[in-house]
Amino acid sequence: MMIDADLPLWLATLIALCLLVGAALSLTGSIGLLRLKTFFERIHSPTLATSYGTAGVVLASILYFSALQSRLVVHELLIGLFVTLTTPVTLMVLARAVLHRDRYGDKTRAPGDERRSTTKR
Amino acid sequence: MTRYLPFPLLSLGLMVIWLLMNQTLAPAHILLGATLGVIGGRLLHKLQLPPTGFKRPVAAARLAARVFADIARSNVAVARIILLPKTRNASSGFVDISLRMRSPYGLACLACIITAAPGTCWVDYDPNKNLLRIHVLDLIDEQAWKATVTHRYETLLMEIFE
């Protein structure tokens, strides 16, 4: 897609800002996956990308294409809807699987017996 | 009406999603989307779900605004923990919260809210004791988290669904 020179500066700045914030949050979420130490800590970091990381990029896309085509382009909202509805399911399945492993596995303690998770992977 | 559209809101939602995905308002697509909505509603009817009891749209809007604000705040908090790990002064842990809400739809909404917000994750729920266990990344004050979940979310969700 060619960059439209007719886009007013304030709008272009706003779009760039949304895009950068979204991208930065997604990147931070990925860094968190590397940096955080235990499974239950790591489970929090992808939600950065799936909450306002996605929202930023979706908002930028809505603004850009609405301005470019001079009509309201909002089907990107569906991405936000589907991501918001599916992420909790995935994360909960993962969390419960680890809970089960900790409870009935042979090495680690159950999180219910300890305030802090000792899960290592 | 109830026979063909047991879940009118859901059927309407399915049609709107179909039209949005195709980015059109052509009569053929409206017809196709409506068919999809009717089929979806009837399939869901076959599952024999309890009625949602959804009745307070204003409360739902207030809850949505609250959740959007909270997610923004926790985005910043979690990003800071990841990028500046040295400034972190608390460790993560589990919090057990005893709930009053019983509505399965309310619980599902609560699960989505807690998990969608960075920094908190729904881990386990015991329906016998109505006890919820969440994992919190930045656990400074356990009582504060209990109060947040019960006062900020649960009361509004009970207003909406019960």
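No value in this document is a laboratory result; all are computed from the given coordinates. Because the structure is predicted, anything quoted here is derived from the model rather than measured. Cβ placement follows ideal geometry from the backbone for every residue including glycine, while neighbour counts extend to all protein chains displayed.
A few comments on the model shown:
- Coarse-grained scattering of the protein assembly as shown at q = 0.09, 0.16 Å⁻¹, given as base-10 log I(q)/I(0) from a Debye sum over alpha-carbon atoms: -0.53, -1.33
- Proportion of all alpha-carbon pairs of region B:1-90 beyond 20 Å (%): 61
- Amide N proximity, region A:42-61 versus A:Leu11 label position 7 Å along Cα-to-Cβ, cut-off under 16 Å: A:59-61
- Pair A:Gln69, B:Val16: separation of 7 Å Cα→Cβ label points (nm): 1.9
- Sites A:Val89 and A:Ile31, calculated FRET efficiency, Cβ-Cβ separation with R0 22 Å, nearest 0.05: 0.35
- Per-pair calculated FRET efficiency, R0 = 51 Å: B:Leu83 and B:Tyr4 via Cβ, rounded to 0.05: 0.45
- Shielding of B:76-87 by partner chains, average beta-carbon count, 10 Å: 5
- Pairwise FRET efficiency - A:Leu78 versus B:Leu31, Cβ, R0 = 22 Å, nearest 0.05: 0.60
- Alpha carbon centroid spacing (whole Å) that separates region B:57-87 from region B:14-42: 34
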